[in-house]
Amino acid sequence: MCPKCHEPLIVVEFEGVEIDYCPECRGTWFDAGELEFVTELGGVPAGPLHRALQLAGPGRGGTRRCPRCRRKMHVIALGDSPPVEVDRCRAGHGLWLDAGELVTIVREFAGNEDAVVAGFLADLLRHGLAEHTGRGEL
Ligand SMILES: [Zn+2]
Ligand SMILES: [Zn+2]
């Protein structure tokens, strides 16, 4: 179930990674470690993103529920220009990204020289979504 609009999530496979996607609000759920893995496939170094996830701390209490354990997630801030607020399961199941946040995060952590790669990754994901859903929107 989507943490935001409570519609059933669909599974989109991308390079062997199963990403849960909400066709209604276009949000995406990444199990723990999947976001770093997917961005690394796009040529974005996983280190800075991994550190940002660790440094984000516990965050503040949110209202959305983890699709895995159904408990309320916490809101954490990633990056600083400006920060992207994402929902993270306190039990470590993963991260929920609203529509558009994945692309923002990839661009944030890609740095200038990798911006082309980040765009390429975003395009690949959109392509995967279009194949599965007929909609290529993130
Ligand atoms: Zn949704
Ligand atoms: Zn959970």
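Overview of results
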quantity	calculated
Cα pair distances exceeding 20 angstrom across the range 11-132, given as percent	38
Per-residue [θ]222 nm for the chain (sum of -39500 (n - 2.57) over DSSP H runs n ≥ 4, rounded to 500)	-10500 deg cm²/dmol
Exposure proxy ranking, count of Cβ atoms within 10 Å, fewest first, for Arg126, Arg26	Arg126, Arg26
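Values quoted throughout were computed directly from the atomic coordinates according to the rules given, and no laboratory measurement underlies them. As the structure is a computational prediction, the values presented were derived from the model and not from experiment. We place every Cβ from the backbone using ideal geometry, glycine too, and count neighbours over all the protein chains shown.
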